[in-house]
Amino acid sequence: MTKLLLVGFSVLLLVLVIAIFAIPVLIDPNNFKTDMASFIKEKTGRDVAFEGDISVSLFPWIGLGTEKMVISNPPGFQEMPFITVDKSNIKVKLLPLLTKKIEVNTIALEGLSINLVKDKQGVSNWADLVASSRPSPPNAASLNRNAQIKSQSVLAALTVGAISIQNARVNWGNQQTGERLELKNIHFNADKFVFGEPLKIDMAMDVSGKQLKFPGVIKWVTGLRVDEKLDIFVFSDSHMEWVGSKKTSSGLPLAVTMTVPNADVNVTQQTLQLSGLQLQSGDIKLAADMSGENILDKPSIQGSVVIAPFNPGIALKQWGVAIPAMSDAKALAVLSMTVRLQATPERAEFSDLDIALDSSHGKGFVTVKDFARPTILFDLAVDTLDADRYLAPPDKSTIASPGMAFAASTFSLPLEWLRKLDAEGKLALGNLTFNRMTLQDMRLTLSSKNGIVNIGQTANQFYQGTYSGNLNVDARAEKSSLTLNEKLTNIRLEPLLKDVKGEAKMGGIVTASSQLHGLGNNTRELSSNLTGQLDFLIKDGYVKGFNLEKMIENSKNLVQGGTFSIDAQHDQTAFSEISGTAAISKGLLQNNDLIAKTAKLRSTGKGNANLNTGLVDYQITTRLLKAAATASTPEQVHDTPIIIHLGGTFGKPTYTLDVAALLTDKNKAKIERLLDKNKDKIEKLMNKLDKKLGPGASDLLKKIF
């Protein structure tokens with residue numbers, strides 16, 4: 001009996017072996033292409049074409065190999081196939097199947113091409129493959145649990161010897177936006193895969209696209225461990241490198257490397273833990289530890305980021321970002337940052353921000369809401385900032401108030417960008433240098449939405465006084481409008497002028513206010529259309545370069561036949577008070593009520609100044625004080641006026657003194673005889689005046705001669 005059983009088993013085994021080797025020879029799998037295509041069509045709704053031969057092997061591996069295979073797109077996407085595979089080969093070991101184990105020797109794909117498209121209506125060519133399934137029957141929950149348990153037990157018995165994908169490509173196109181992304185020359189290799197055990201993955205690809213600014217090559221090597229439930233993925237010793245295909249001005253390509261020692265992804269709990277991330281590009285080095293929640297449904301990422309000190313000027317040039325001309329060629333030399341990040345697909349929050357740029361150090365937070373239409377919220381505090389270092393050299397021939405300087409900076413921004421800016425926040429500055437002015441204990445507030453920008457400015461220390469201003473810009477119309485209100489209180493004028501112009505020809509304590517309005521899309525247009533008014537008061541003021549009281553005394557002496565003394569001490573004219581108001585219309589400043597007082601003089605003035613050209617046309621009428629005011633009588637002045645004409649420009653003013661009103665008929669005759677006899681002496685006197693007082697001083701007396 002035993003012998004019969006052995007003989008029977010041997011015969012059965014022989015028949016099985018013969019069948020295994022005979023079936024591939026006797027049965028041609030290519031005869032079943034139509035049936036296979038119909039089966040795939042039934043399950044996916046896609047047409048499949050086998051354009052090459054299909055090969056099958058049964059022992060010791062069950063193998064299926066195909067040549068070119070094409071899977072079609074759904075209706076409406078017929079211009080290209082959905083998937084194309086030039087060659088495929090899958091081998092599964094036969095004998096382990098008898099013990100319900102799946103041992104795959106190789107999964108190999110060559111020439112895989114996937115075309116992903118979103119049409120003009122926003123419908124993708126893969127939507128039908130991931131569409132929701134039909135409504136489940138009442139006992140669906142228990143059936144799903146059973147199916148899940150069954151699939152997990154099958155997966156637990158799965159082993160893959162190797163996975164190889166060579167010369168693959170993925171094309172992505174969005175017909176709504178015109179975006180196009182191409183992943184070419186994809187090579188993917190993975191060694192033996194067993195659930196719960198680590199495997200090594202090596203991948204490389206070329207990345208390019210129509211709107212991709214930095215195309216290049218990506219290489220990624222990582223260790224991966226996956227549990228049998230397919231819910232925990234552990235990446236270890238990950239290293240990614242991107243090398244740009246475009247070379248920089250230095251002739252070297254851009255490169256970015258990223259290493260991650262450990263990254264855990266839990267699909268069931270939808271969590272992410274990433275530690276020890278290191279990213280480097282040139283001198284830029286970034287370190288981060290991140291965690292994530294709801295990573296599949298509504299991702300939320302949070303963590304800390306540290307950027308080590310690097311040279312941002314060099315980095316920007318390497319990345320092809322043009323740097324505008326700056327006053328200081330050594331600016332943008334050192335930047336470092338630490339920040340805590342929290343981000344979702346809709347917004348990002350940067351809290352505990354600590355940033356250092358050159359000699360500036362700041363702290364605070366920045367929030368960006370709604371990436372589709374970004375809204376920026378911020379609250380920052382900076383110890384010191386020399387903004388002039390990062391701006392183009394300003395024109396020293398013009399003097400601008402802080403508000404006008406802020407306005408000029410605002411209109412230097414692209415108008416379309418200004419119209420789209422949606423921001424609100426506060427900036428505190430311990431010390432700000434801007435337009436060569438120094439403002440201390442500075443507070444700036446910004447509110448910008450729908451093309452309306454409002455900037456509030458206060459400085460508790462502004463040249464020993466205070467400053468406050470409000471700038472409003474409405475960029476909604478074709479021509480933008482500007483409204484500016486400012487107030488300066490007890491400002492020391494001389495140090496302000498020295499900082500702004502490099503020299504100061506006048507000084508005093510200034511209190512002033514202005515209300516201005518303008519139309520235009522740049523500073524030139526605004527200056528031409530500027531209207532408004534201002535008022536000013538200067539106490540304890542002085543004008544350097546001439547002594548008006550001494551000049552009048554000398555003129556009187558000369559008229560009366562006396563001598564014209566030249567005294568090196570008369571280097572300035574001191575005013576106890578200068579006040580007035582001015583109206584501005586289309587860039588022309590008109591003042592008609594100037595009042596100035598010195599110890600011996602009382603002056604009034606009127607005239608205009610062109611804010612666009614800098615030309616000045618002004619007249620000051622001065623009278624000598626005859627008697628000071630008393631408790632019972634007002635002060636008295638001489639009737640004879642002395643007129644001073646002020647011309648030239650802001651940068652190079654000219655003065656002309658008219659003393660003709662001092663002359664009587666008798667004095668005029670005396671002076672004419674004096675002139676006839678002393679022409680040479682007078683010429684020498686005029687030259688002497690120019691040498692002592694500077695070029696043009698002799699013009700102050702030219703009307704006499």
Collect the residues in the range 161-202 that are of a type in the set (A, V, I, L, M), more than 35 Å from the chain's Cα centre (by Cα) and over 16 Å from E110 (Cα atoms), keeping them in residue-number order. V194, L199, I201
List pairs: first residue in the range 329-342 and within 12 Å of D354 (Cα to Cα) and among the β-branched types (V, I, T), second residue at pLDDT 95 or above and open to solvent by 60 Å² or more (accessible area, probe 1.4 Å) anywhere in the structure, Cβ distance under 7 angstrom, at least six positions apart or on different chains. T338/V306; V339/F350; V339/D352
Consider T257 carefully, then state whether it is under 28 Å from D370 (Cα atoms), at pLDDT 95 or above and open to solvent by 40 Å² or more (accessible area, probe 1.4 Å). no
Is it the case, given these coordinates, that P324 is over 30 Å from I295 (Cα atoms), part of a loop (DSSP other than H, G, I, E, B) and out of contact with any Asp or Glu (no Cβ under 7 Å at 6 or more places or on another chain)? yes
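Which residues, taken from the range 613-644, are within 30 Å of G518 (Cβ to Cβ) and part of a loop (DSSP other than H, G, I, E, B)? I'd like the intermediate steps shown before the answer.
Initial filter on the range 613-644 (within 30 Å of G518 (Cβ to Cβ)): 613-620.
Once the filter is applied, which keeps residues that are within 30 Å of G518 (Cβ to Cβ) and part of a loop (DSSP other than H, G, I, E, B), the range 613-644 yields T613, G614.
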Can you work out which of the residues in the range 471-484 that are in contact (Cβ under 8 Å) with a residue 40 or more places away in the chain and open to solvent by 20 Å² or more (accessible area, probe 1.4 Å) is farthest from the chain's Cα centre (by Cα)? K479
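Are any residues in the range 447-469 in contact (Cβ under 8 Å) with a residue 24 or more places away in the chain and either of a type in the set (K, R) or open to solvent by 40 Å² or more (accessible area, probe 1.4 Å) (or both), and if so, which ones? Outline the logic, then answer.
Taking the range 447-469 as the starting set, the residues that turn out to be in contact (Cβ under 8 Å) with a residue 24 or more places away in the chain are 447-453, 455, 457, 459, 462-467, 469.
Result: S447, K449, N450, I452, Q464, T466.
Rundown of residues vs (1) hydroxyl-bearing (S, T, Y); (2) closer than 19 Å to T581 by Cα; (3) in contact with a strand residue (DSSP E or B) (Cβ under 6 Å, 6 or more places away or on another chain), yes/no style:
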site: T466; (1), (2), (3): yes, no, yes
site: N470; (1), (2), (3): no, no, yes
site: L482; (1), (2), (3): no, no, yes
site: K501; (1), (2), (3): no, no, no
site: S514; (1), (2), (3): yes, yes, yes
site: G520; (1), (2), (3): no, no, no
site: G532; (1), (2), (3): no, yes, yes
When every residue in the range 105-123 that is of a type in the set (G, A, S) and assigned to a loop (DSSP other than H, G, I, E, B) is compared, the one nearest to F77 (Cα to Cα) is G122
Just a yes or no: is a residue in the range 492-508 open to solvent by 20 Å² or more (accessible area, probe 1.4 Å) and β-branched (V, I, T)? no
Filtered residue count, the range 305-336, keeping only those that are open to solvent by 50 Å² or more (accessible area, probe 1.4 Å) and touching a strand residue (DSSP E or B) at 6+ places or on another chain (Cβ under 7 Å): 5
Residue ID - most open to solvent (accessible area, probe 1.4 Å), chosen from residues in the range 611-629 that are under 15 Å from I642 (Cβ atoms) and among the charged types (D, E, K, R): K626
Which residue pairs have Cβ atoms closer than 7 Å, lie 6 or more positions apart in sequence or on different chains, and pair a first residue in the range 69-80 that is among the small types (G, A, S) with a second residue that is open to solvent by 40 Å² or more (accessible area, probe 1.4 Å) and outside any strand (DSSP E or B)? S72/D47; S72/P81
For the range 622-634, the count of residues that are over 60 Å from the mean Cα position of the chain (by Cα) and free of Cβ contacts under 8 Å to residues at least 24 places away in the same chain equals 9
Among all residue pairs at least 6 apart or on different chains, which show Cβ distances below 8 Å where the first residue, located in the range 523-545, is in contact (Cβ under 8 Å) with a residue 60 or more places away in the chain and under 14 Å from A408 (Cα atoms) and the second is open to solvent by less than 40 Å² (accessible area, probe 1.4 Å) and part of a strand (DSSP E or B)? L526/L482; L526/G518; S527/G518; L530/L516; L530/G518; L530/I584
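Residue-by-condition table, conditions (1) within 57 Å of the chain's Cα centre (by Cα); (2) of a type in the set (V, I, T); (3) modelled with pLDDT under 80; (4) buried (at least 17 other Cβ atoms within 10 Å of the Cβ):
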| position | (1), (2), (3), (4) |
| --- | --- |
| I40 | yes, yes, yes, no |
| K43 | yes, no, yes, no |
| S55 | no, no, yes, no |
| P60 | no, no, yes, no |
| S72 | yes, no, no, yes |
| M80 | yes, no, no, no |
| V85 | yes, yes, no, yes |
| E103 | yes, no, yes, yes |
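Look at R340 and say whether it is more than 18 Å from the chain's Cα centre (by Cα), open to solvent by 40 Å² or more (accessible area, probe 1.4 Å), farther than 26 Å from I218 by Cα and of a type outside the set (S, T, N, Q).
On the way: more than 18 Å from the chain's Cα centre (by Cα): yes; open to solvent by 40 Å² or more (accessible area, probe 1.4 Å): yes; farther than 26 Å from I218 by Cα: yes; of a type outside the set (S, T, N, Q): yes.
Yes.
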Consider G607 against the criteria (1) surrounded by 13 or more Cβ atoms within 10 Å (Cβ to Cβ); (2) under 30 Å from L482 (Cβ atoms); (3) at pLDDT below 90: it satisfies all of them except one. Which criterion is unmet? (3)
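Table: residues versus (1) among the charged types (D, E, K, R); (2) at pLDDT 80 or above; (3) open to solvent by 60 Å² or more (accessible area, probe 1.4 Å).
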{"site": "G518", "(1), (2), (3)": "no, yes, no"}
{"site": "E525", "(1), (2), (3)": "yes, yes, no"}
{"site": "G541", "(1), (2), (3)": "no, yes, no"}
{"site": "N554", "(1), (2), (3)": "no, no, no"}
{"site": "S585", "(1), (2), (3)": "no, yes, yes"}
{"site": "L594", "(1), (2), (3)": "no, yes, no"}
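The values are calculated or read from the model by the stated rules, or taken from the named source; none is laboratory data. This is a predicted model, so every value here is computed, not measured. Cβ sites come from the backbone with ideal geometry, for glycine too, and all protein chains shown count toward neighbours. These accessible areas exclude ligands, DNA and RNA; they are computed on the full protein's heavy atoms, side chains included. Shrake-Rupley method; radii C 1.70, N 1.55, O 1.52, S 1.80 Å.
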